[in-house]
Every structure is written in structure tokens, then in C-alpha cells.
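So the structure is just underneath, and the comments pick up after that.
The values are calculated or read from the model by the stated rules, or taken from the named source; none is laboratory data. Just so we're clear, the structure is a prediction, and the values are computed from it rather than from any experiment. Here the Cβ is made from the backbone with ideal geometry for all residues, glycine too, and neighbour counts use every protein chain on show. Just so you know, the surface numbers come from the protein's heavy atoms only, side chains and all, with ligands and any DNA or RNA stripped out. Shrake-Rupley method; radii C 1.70, N 1.55, O 1.52, S 1.80 Å.
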Amino acid sequence: MQVLGLETSCDETGVALFDTRRGLVAQALHSQVRLHAAYGGVVPEIASRDHVRCLLPLVRQVLAEAAVQRPDAIAYTAGPGLVGALMVGGGLANGLGLGWQCPVIPIHHMEGHLLAPMLEENAPDFPFLALLVSGGHSMLVLCKTLGDYQVLGTTQDDAVGEAFDKCAKLLGLGYPGGPALARLAEQGSESAYAFPRPMLHHPGLDFSFSGLKTAVMLQVKQATSDGVLDSAVADIAASFQRAAIDTLIGRTLKAAKEVSAKRIVVAGGVGANVLLRRELAARFDGRVFYPRLEYCTDNGAMIAVAGALRMAEAVDATEIRAQARWSLDTLRPPEGMIDE
Ligand code: KG4
Ligand code: ZN
């Protein structure tokens, strides 16, 4: 069974072909980062237009590379995300589905992220605890089986990726700043500034990153008025990163203890953060699974593999689904799947 996956929820156009016997056969990704950089964030209308420009050529490229003329099904990201951008993927999926007479499978973007480790050889078994950390989400999710997800904690304000991006902007690192901030942090001292570890001692499992962001902003202002910002940026970056990662790890270990998790999956763009990957593996008394770096950020492969796992839900191409908001815990296991 061959599933074509289309990802267009935000600022990456991702296409991939997943074969249930052979695994991932081909994939292509186009990043819009340079288009949005001038605006300091994603401009929805520009994102939609660029998906229109790039999606079909990428589909052609992936099918040619895979030597496949027509897949058995098309999976597309149906939300959450920018509605105009989602409509591009959903529209093409349904158009191709009608033309090829093959069914389509609407996929939840965050389920795609948490299933991305299934693309690896040592894929995790259910149940596992997932730390989903991206530009739009910071969540701890108990994944009991495919489609049975319980959100244990979420952010009360900014997502952690957003906090990385905003702090990077304050430090003059451009957009998206997460990877640039992480690189700069390598040259700084993480104990230079005592930034807060938000919520670490609060009950529950929610996150909050706005206080940390404000602390960084005040420090940047201070360093600017003292005329020492240039020499302080690496230390601020390193101290911020340490505070943010300590917060994520503290919450994750607390959740793991509460649900007696033996496996943790880290997924989403911030899952590419090397400090997070290294420290969580060292501090958790169980196995930690990560997708490889290129499958942490948005991509078509995670949507294709999620589609293959949700094949039972394939429907005729008649309706484009595009939801800006869509809670992960409203998902259900695919019909016909035996729940353990
Ligand atoms: O999952 P993703 O590609 O898109 C969303 O669905 O949001 O995540 C993008 C986010 C951005 O905020 C980016 O700055 C952050 O992931 N990110 C990182 C790193 N690489 C990407 N944050 C910290 N360290 C990194 N190495
Ligand atoms: Zn994402």
C-alpha cells in the first residue's frame, strides 16, 4: 500500500511517499523561511500562495523519484494550522483523489509529529509519553495506543518554540530564531543569568513561557542601556536555553513519574534541540525516542506515515477538511483497530 503525504499547515511544503512494505520511498521539502524572514514571522497569505506555487511540482518530483504513477491513498494535513495554507494541501489532495479515483485521509498535524519516530527502525511501541514541542504547541501527551491520546499538560501562554523565536528576535537573530539561538548558546555561559524556570514548582503539568520571555527582554534592555549587548548575547542565549530546557525536562520527568512511563517520545521542531535531546536521555530512567532531525520540523513523511496507519479512515475525495484549531484528545483510534 502506497500513501502520498502532503503537509502545508504553516511555512513548509512537504511531500512524501510511504510504502507500508518498503517504508519511506521518497520525500521533498520546500521551506518558506526566507520569504517570511523580512516580516519577522509567518505571513499567512504569503504562505498559502507559496504552497500553491510549490506543492504540485513537489508531488511530481516525489512520484517520479519513487517511480509511482498513482498512490493507493493521499494523506493531507487537515489541521491545526493556517486555514488558507491547509486548504492548498486539502484542495490538491481531493483533486488528485478524484482524478486518480483513490481515497484521501485527513491527518492531525500534531499526530503526524508524534508518529514521526515510526519512520525510524527502532520505532517506539505504545504506550508512551510524548513531549510535543513546536512553534505553536508545548504539550505532554499520554499516548495509550494509536489515536488514544490524553493531553496531560499544555502551555498557558507561549509555546516553547515561540519563546525561542521571540528571544532570538530580541537578540537580533532573525526568524525563525530557534536554531540560530541554539547555535549561539554554544558559545555562551548558561549560568551567566539566573532566568526563571517557569511553573517548575507549580502543581499540574502545564507550561508557561511568557515570564521567561519577559525576563530575557528586561535583560536585553539592561544590556543595551549599559552598552554591553554585543558581548552579552551569547550568555543571554545560553542562559535562556538552559532555563527553557530545564523547564521542559522537569515537567516531562514529573509526568513520566505520574504515569509510570517507560518510553518518552520527543517530537516537533524544538525536538531538534541538541541540549534537550542529550539531557532528557541522560536524566530519564527509560528509553527516549526522537525522530531524526529532519523529521522533527514539519515534513511530508510524518503525514504519509500517519496516513498509512490511519488507512482504515480513508474516504472518497469529496470534502476538503481544514481546521485552524483541533484538539489532539478528540482523536480516536482508527475504526476496526482493536484497542488493547
Ligand atoms: O514543528 P515545527 O517545524 O513547526 C510548527 O509546527 O510549529 O517547529 C518549528 C519551531 C520553531 O519555533 C523553531 O524555532 C523551533 O521549532 N526549533 C528549535 C530548534 N529547531 C527548530 N528550537 C530550539 N532549538 C532548535 N534546535
Ligand atoms: Zn509542526
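Kindly express, to the nearest 10 degrees and within the range 0 to 90, the angle between helix 83-100's C-alpha long axis and the longest C-alpha principal axis of the chain. The answer is roughly 20 degrees.
Report for the chain the percent antiparallel among DSSP-assigned beta bridges with both residues inside it, nearest 5. Given both bridge residues lie in the chain, the antiparallel proportion sits at roughly 60 percent. Between the helical axis of 300-309 and the longest alpha-carbon principal axis of the chain there is an angle of about 60 degrees. Placing +1 on the Cβ of every Lys and Arg and -1 on the Cβ of every Asp and Glu, with nothing else charged, gives the stretch 126-290 a dipole about its Cα centre of roughly 500 debye.
Annotation for ASP230 and LEU218: the two label points, set 7 Å from Cα along the Cα-Cβ direction, are 2.8 nm apart. With the highest mean first, a sort of the peptides 96-102, 221-227 on other beta-carbon atoms found within 10 angstrom per residue produces 96-102, 221-227. Among the protein heavy atoms of the chain, carbon and sulfur supply 52% of the accessible surface, probe 1.4 Å, non-protein parts ignored. Stretching the chain fully between ARG278 and ARG53 yields a gain of 77.2 nm (0.36 nm per residue, less the alpha carbon separation).
With all protein chains kept in place, the per residue accessible area of the chain amounts to 43 square angstrom at a probe of 1.4 angstrom. Helix 229-258 and the long axis of the chain differ in direction by around 60°, with both axes built from C-alpha atoms.
Among 45-52, 127-134, the peptide with the highest mean count of other Cβ atoms within 10 Å heads the list, and the full ranking is 127-134, 45-52. Modelled spin-label separation between ASP157 and ASP125, with each label point placed 7 Å from Cα along the Cα-to-Cβ direction: 4.2 nm. Towards the positive end of the charge dipole of the chain, with charges on Cβ (+1 Lys, Arg; -1 Asp, Glu), say which of LEU63, ALA306, TYR295 has the farthest Cα. Positive-most Cα among the choices belongs to TYR295. Contact order for the stretch 75-201, expressed relative to its length and based on alpha carbon pairs under 8 Å spaced 6+ residues apart, stands at 13 percent. Mean residue ellipticity, 222 nm, helices only, the chain: the sum of -39500 (n - 2.57) across DSSP H runs of n ≥ 4, divided by residue count and rounded to 500, is -13000 deg cm²/dmol. Charge dipole of the stretch 11-74 (Cα centre as origin; +1 on each Lys and Arg Cβ, -1 on each Asp and Glu Cβ, all else neutral): 180 debye, rounded to the nearest 20.
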